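The structure follows.
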Amino acid sequence: MADHSFIPDGALATRDIWLSRVEAVLKGADFDKKLVGHTADAIRIEPLYAKSSNLPPLISRAPGTPWASLARIDHPDASQANQQALTDLEQGASGLSLVFEGAVNAYGFGLPATVEAVDAVLEHVLLDVGADLVLDPGPHGKAAIQAMAQVVKSRNVLPVNTKIRFGLDPLGAFAVTGQTPGDGQEIAKRFSAAVIDLRSRGFMAPIVKADGRIIHAAGGSEAQELAFALSAALFYLRGLEQHGMDLDEARQTIEFRLAADSSQFLTMAKFRALRLLWARVEQACGLKPQPACITGETAWRMMTQRDPWVNILRSTVAVFAAGLGGANAITVLPFTQSLGLPDAFARRIARNTQTVLIEESHLDKVTDPAAGSGGVEALTQELTDKAWALFQSIESEGGIFTALTHGQFVGTIKAVSQHRDDDLAKRKQALTGTSEFPDINEVPVAVLAPLGVLSPQGLLPPRRLSEPFEALRDASDRMQASTGHRPAVFLANLGPIAAFTARSQFAKNFFEAGGIETIPSEGDTDYTALAEAFRHSGATVACLCSSDEVYGEHAVPAALALKAAGANRILLAGRPAALQDQLKQAGIDDFIAVGVNLLKILSPLQDHVQQSQVGGSA
């Protein structure tokens, strides 16, 4: 039975009672530093929230209806893409996400933007039976859109009976590449003509997308992603009205796309916040708010090449959060997407991720289940306020086109991205399987075609968080392929097992995150035996591992013995402040501990180890 003795007799548990108990446990430690987190937008994440009352659910999908489960179709061969599409639709997908070559989320692959290719991809796919078709057209947007419209016409399908969202987004292409066909007025003129043309043909689903995924993939924060999407939508709304479309009709042509990542509560709050933000814009335009159409896609930046199986867990959390946050449709990137073109198995896992959450977990049956949750409601409101303030700042600069070309918006995104990179390098933010708990000898995962080199050039190019660690792992793999062994560090474990185990395991994770293999010793204070074990290991670098108490007695003579045995660099796991000067004089070159920048140590260390090992073997 649970112990409730900390609650006074006859009293209800209150925040004050909880705080008094927390203070007793903290023993004078700073409450904020120990228990309060912060998002990239400096939003406080409190350890405890009160229930939010009298807040109605946000209206998103129709009550009790599932979101559209989209399967990603990006195979460059139209025939192969068609087979994938038919399999996905037969095995549970309710729609297709057609990604064309060069699209902001193509990541090296994509469909050809021709009538012949689109017709082949959609062979035997019925266009007028309710299946969602969501396009990411890329820089050849006009060609892809016209090709889709031509296929609909050639099959004698009434456009009004289709659910094709064309994904026209010239601002998104500009935000990624920095290349534009003209100024803001010229862009508005061109996309407005395309939208008006498609509406005149009878296509009633949204035609234009305001794509926040771009900001997320470039490393931006949740508020920056929302502000960009909101500003882009307003740019399109203004352009359509300026070129003759009724404002109410114009808003119906606009949809939103957001990234869903493994930060569950922030993702839920982000999707909810967008609905509140768009409703503000509608009200400011004199329109009665209508539920926005929001499509989620699992985030590119969270995908890893190393231990890609963990991507399945990340994607599951992301879909869970986006679905409960009210997404109208969701696409799951297959777990091997960052390695190359996914095979049938990876596609099946992506498809079933959504099927299980809908068909077995019934996540779609409750409208806005986060309504009233103190934590999610607080995050939603904070995000709404932050994003609205940033949106107003963008508009004060002249709108999103001006902000991208001359404003500070791009710089603020890069600043947030750099801060996150620093946190990752210091493991304040962990990437399981990459920066934490790496498997240096993991078995490669199959893909249909390997990922090519993605150019980092452009205004806001997409990038994954794990790339710096993967570069080190790749260098390690190349050395193993050419020499038969990896760069290695000898772990000089000192004293009894209880003294060195924790730091030895820390050091193993630390070095192997950078592709440096670890060779542990048995644990001893016999310096002659330690030196002999080092010589037999083949390593040229050593790392002492033990407790501060053991270091005080044995670290200096152990370091001297290792130096004499040929160690050309010695590190120490931990940071014993009282011993640092003495240890440095004994030959300790660096200290590895919680909070240090792994990449600043691992990158030069790997170069050093490779050179010294290869040189020694030669």
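Convert each backbone phi in segment 498-509 into a coupling constant with the Karplus relation 6.51 cos²θ - 1.76 cosθ + 1.60 (shift: θ = phi - 60°), then list the ³J(HN,Hα) values in order as whole Hz, x for Gly and Pro.
5, 7, 9, 4, 4, 6, 5, 5, 4, 5, 4, 4
Continuing with this model, one more query. If one computes P(r) from the Cα atoms of segment 68-411, what percent of pairs lie at distances over 28 Å?
Values: 22245 of 58996 pairs.
Roughly 38 percent, once rounded to a whole number.
So if I take the centroid of the Cα atoms in segment 360-421 and the same for segment 244-264, what is the distance between those two points in Å?
14 Å
Then there is this: Would you list which lysines come within 20 Å of K209, measuring only between C-alpha atoms, while excluding same-chain residues fewer than 8 positions from it?
Partners found: K142, K163, K189, K270.
Near the amide H of L111, under 5 Å away, which other amide H atoms are found, from residues 5 or more places off or on another chain, if H is placed in the peptide plane?
V99, F100, E101
Identify the trypsin sites (Lys or Arg not before Pro) of segment 215-296 meeting these criteria: DSSP loop state and at most 12 other C-beta atoms within 10 Å of the C-beta. Kindly include the intermediate steps, with their values, before the conclusion.
Values: sites: R238, R251, R257, K270, R272, R275, R280; in loops: none.
Passing both the DSSP loop test and the Cβ count: no residue.
If one computes the Cα centroid of segment 423-498 and of segment 579-613, what distance in Å separates the two points?
If we compute the Cα centre of each part, the gap is 18 Å.
How large is the convex hull of the C-alpha atoms of segment 431-575 per residue, in Å³? Mind dumping the intermediate values first?
Numbers: hull volume 21.2 nm³, N = 145.
Taking only Cα atoms, segment 431-575 has a hull volume of 146 Å³ per residue.
Related question: Could you work out the relative contact order of segment 126-264, using alpha carbon pairs under 8 angstrom and six or more residues apart, expressed as a whole percent? Before the final figure, lay out the partial values.
Details: 182 pairs, mean separation 32.6, N = 139.
That works out to 23 percent.
Over segment 1-135, what is the relative contact order in whole percent, taking alpha-carbon pairs under 8 Å and six or more residues apart?
On the way: 131 pairs, mean separation 24.0, N = 135.
Here the relative contact order equals 18 percent.
Also, I was wondering about something else. What's the local net charge at K189, with K and R +1, D and E -1, over the other residues with C-beta under 14 Å away? Let's see the in-between values first.
Numbers: positive: K142, R190, R238; negative: D183, E186, D197, E241.
My count for the surroundings of K189 gives -1.
Only sites in a loop by DSSP and with at most 14 other Cβ atoms within 10 Å count here; which GluC sites (Glu not before Pro) in segment 253-301 make the cut?
none
I would also like to ask the following. Cut-off is 10 Å between beta-carbons; in what order do F256, F109 appear when sorted fewest neighbours first?
Working: F256 27, F109 22.
If I rank by nearby Cβ atoms, fewest first, I get F109, F256.
Shifting gears a bit: For segment 169-182, take each phi angle, set θ = phi - 60°, evaluate the Karplus expression 6.51 cos²θ - 1.76 cosθ + 1.60, and give the result in whole Hz per residue in order, putting x for glycine and proline.
7, x, 5, x, 4, 5, 4, 7, 8, x, 9, 9, x, x
Run the numbers on the chain and let me know its relative contact order in percent, using alpha-carbon pairs under 8 Å that are six or more apart. Before the final figure, lay out each step's value.
Working: 1131 pairs, mean separation 79.8, N = 618.
This gives 13 percent for the chain.
Another question, then. Amide H to amide H under 5 Å from L460: which residues, 5+ apart in sequence or cross-chain, H placed 1.01 Å off N in plane?
Close amide H contacts, sequence-distant or interchain: V176, T177, G178.
If you don't mind, another one. Give, as a single signed number, the net charge of other residues whose beta carbon lies under 14 Å from the beta carbon of P576, with Lys and Arg counted +1 and Asp and Glu -1.
Details: positive: R503, R575, K584; negative: D548, E549, E553, D581, D590.
Surrounding charge for P576 is -2.
Using Cα-only point scatterers and the Debye equation, what is log10 of I(q)/I(0) for the chain at each q in 0.08 Å⁻¹, rounded to two decimals?
-0.66
Between segment 268-288 and segment 208-224, what is the separation of their alpha carbon centroids in Å?
Centre-to-centre (Cα) distance: 17 Å.
To the nearest 0.05, how large is the calculated FRET efficiency for Q80 and L126 if R₀ is 25 Å and r is the Cβ-Cβ distance? Show your work: numbers first, answer last.
Details: r = 20 Å, r/R0 = 0.81.
Given R0 = 25 Å and the Cβ-Cβ separation, E is 0.80.
In Å, the Kirkwood hydrodynamic radius of segment 177-263 over pairs of distinct alpha carbons?
Details: mean 1/r = 0.0725 Å⁻¹.
Averaging 1/r across every pair of different Cα atoms and inverting gives 13.8 Å.
Here's a follow-up. How much net charge surrounds S60 when only the other residues with a Cβ under 14 Å from the Cβ of S60 are counted, with Lys and Arg +1 and Asp and Glu -1? Before the final figure, lay out each step's value.
Values: positive: R61, K270, R272, R275, K365; negative: E255, D364, D368.
The answer is +2.
Around T518, which amide H atoms from residues at least 5 apart in sequence, or from another chain, sit under 5 Å from its own amide H, with H modelled in the peptide plane?
Answer set, sorted by chain and number: V489.
Another question, then. Give, in nm to one decimal, the length gained when the segment between F345 and T65 is fully stretched (0.36 nm per residue of separation minus the Cα-Cα distance).
Working: separation 280, 0.36 × 280 = 100.80 nm, distance 2.78 nm.
Full extension from F345 to T65 adds 98.0 nm.
May I ask you to evaluate 6.51 cos²θ - 1.76 cosθ + 1.60, the Karplus curve with θ = phi - 60°, for each residue of segment 438-455 and list the ³J(HN,Hα) values in order in whole Hz, giving x for glycine and proline?
The phi angles translate into x, 10, 5, 10, 5, 7, x, 9, 6, 9, 6, 8, x, 5, x, 7, 8, 5 Hz.
While we're looking at this one, here's another question. Going by how many other beta carbons lie within 10 Å of each one, how would you line up W309, W300, fewest first? Numbers along the way, then the final one.
Details: W309 14, W300 22.
Ascending Cβ contact count within 10 Å gives the list W309, W300.
A further question follows. Just rank M148, M303, M204, fewest to most, by other beta-carbon atoms within 10 angstrom.
Values: M148 28, M303 24, M204 16.
Neighbour counts put them in this order, fewest first: M204, M303, M148.
Every read-out reported here was derived from the displayed coordinates using simple, explicitly stated rules and does not represent laboratory data. Keep in mind the model is a prediction, meaning the values are calculated, not measured. Methodologically, a virtual Cβ is constructed for each residue, glycine included, from the backbone with ideal geometry; neighbour enumeration extends over all protein chains shown.
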